[in-house]
Amino acid sequence: MAIFKDNYFTNDSYELRTSRLEILKNYIEYWAAPLAIPRTLVEWGLNANDKWQNSLLISQSKKNQTENIYRDLRDADEKTFKYYLKLKRLLRSTIPDDKTVLRQFGVLDQFPRSRQEKIKKVEKFLKAFQRSIENNESIQIPQNFVSKLEKLFFESQNIAEKIALLKMEKPKGSSSRQMELFKEDSKKLRSLLSWALMTWEPDQAYLVQLGFAVKTKKEKEDSNEEEDN
């Protein structure tokens, strides 16, 4: 059986909160009558663990979803940028002396480090190629090569847009609801402790069965002295 060090519920780790509610679920019905616990509080104690565990599962699922989509973006970006660099090399090797065209395609300078600047480079390349098609200019790069880059580019951007939407939804997400549940359960635990201490002393060993810390005799004496003062 878990031994709890204190009853500062708002300082609980998620693991500690889980331990409190698991034990509470098992014993609250047994102690309901001896401690005259209100039925509403008993019902909360019977269901609090399941609700809390569910919130943890939802939170973990959201976390996994976020991690997966960021991994997808990294993979998509890697494919996009690698293929862009191949096309950049191909274009520069095909028309090495045509600085005007190379400048229009944005392939004269170094490839940047930040994702945003890399995306701009790819976008500039694609737009330059599209303009050359519209102006009937002869660019010695097969259309299917550029079409592949365009497909990779849009896949990266679609994933990036999904991440942007997730960030916008985050304040209303599962982590916010989980924190609200944590705070509400803290209040309920505090109330339940008050009910229990109307019958039991703070050093009553059975307090642990309701998810509470049991004070030692010295802690109890110190607490009584503080109340007297």
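The values are calculated or read from the model by the stated rules, or taken from the named source; none is laboratory data. As the structure is a prediction and not an experimental result, all values here were calculated from the model. Don't worry about glycine lacking a Cβ; one is built from the backbone with ideal geometry, like all the others, and counts go over all protein chains shown.
Suppose we filter L73, L41 for residues that are surrounded by 14 or more Cβ atoms within 10 Å (Cβ to Cβ), under 30 Å from L207 (Cα atoms) and either touching a residue at least 24 places away in the same chain (Cβ under 8 Å) or not small (G, A, S) (or both); which single one remains?
Details: L73 fails: under 30 Å from L207 (Cα atoms).
Among L73, L41, only L41 is surrounded by 14 or more Cβ atoms within 10 Å (Cβ to Cβ), under 30 Å from L207 (Cα atoms) and either touching a residue at least 24 places away in the same chain (Cβ under 8 Å) or not small (G, A, S) (or both).
All of L152, L166 fail the test of being at pLDDT below 95, surrounded by 11 or more Cβ atoms within 10 Å (Cβ to Cβ) and farther than 30 Å from L21 by Cα, apart from L166.
Can we say V107 is farther than 16 Å from K151 by Cα, of a type in the set (A, V, I, L, M, F, W, C) and in a loop (DSSP other than H, G, I, E, B)?
Working: farther than 16 Å from K151 by Cα: yes; of a type in the set (A, V, I, L, M, F, W, C): yes; in a loop (DSSP other than H, G, I, E, B): yes.
The answer is yes for V107.
The set of residues in segment 83-107 that are charged (D, E, K, R), out of contact with any Leu (no Cβ under 9 Å at 6 or more places or on another chain) and loosely packed, with under 11 Cβ neighbours inside 10 Å contains only D97. Counting the residues of segment 1-24 that are within 14 Å of L192 (Cα to Cα), surrounded by fewer than 18 Cβ atoms within 10 Å (Cβ to Cβ) and either small (G, A, S) or touching a residue at least 12 places away in the same chain (Cβ under 8 Å) (or both) gives 0. Screening the candidates I163, I119, I133 for the property of being of a type in the set (V, I, T), outside any loop (DSSP other than H, G, I, E, B) and under 21 Å from the mean Cα position of the chain (by Cα) yields one hit, I163. Within segment 108-137, the only residue that satisfies the criterion of being farther than 22 Å from E155 by Cα and crowded, with 17+ Cβ neighbours inside 10 Å is S132.
For beta carbons closer than 8 Å, sequence separation of 6+ or different chains, a first residue in segment 115-135 that is more than 19 Å from K86 (Cβ to Cβ) and a second that is charged (D, E, K, R) and modelled with pLDDT under 95, the qualifying pairs are R131/E137. Show the residue pairs that are 6+ apart or on different chains and have beta-carbon atoms under 6 Å apart, the first residue being within segment 47-66 and more than 15 Å from E180 (Cα to Cα), the second being in a helix (DSSP H, G or I). Short answer, once both residue conditions are applied: K62/S174. Y30 meets the conditions (1) more than 11 Å from L210 (Cα to Cα); (2) touching a helix residue (DSSP H, G or I) at 6+ places or on another chain (Cβ under 9 Å); (3) part of a helix (DSSP H, G or I) in every case but one. The failed one is (1).
Out of N158, N144, report the one residue that is part of a helix (DSSP H, G or I), loosely packed, with under 11 Cβ neighbours inside 10 Å and at pLDDT 90 or above. Lay out the reasoning, then the answer.
Values: N158 fails: loosely packed, with under 11 Cβ neighbours inside 10 Å.
After applying the criteria, what remains is N144.
Here Q53 clears all of (1) loosely packed, with under 15 Cβ neighbours inside 10 Å; (2) within 24 Å of the chain's Cα centre (by Cα); (3) of a type outside the set (A, V, I, L, M, F, W, C); (4) more than 25 Å from R190 (Cα to Cα) except the condition numbered (4).
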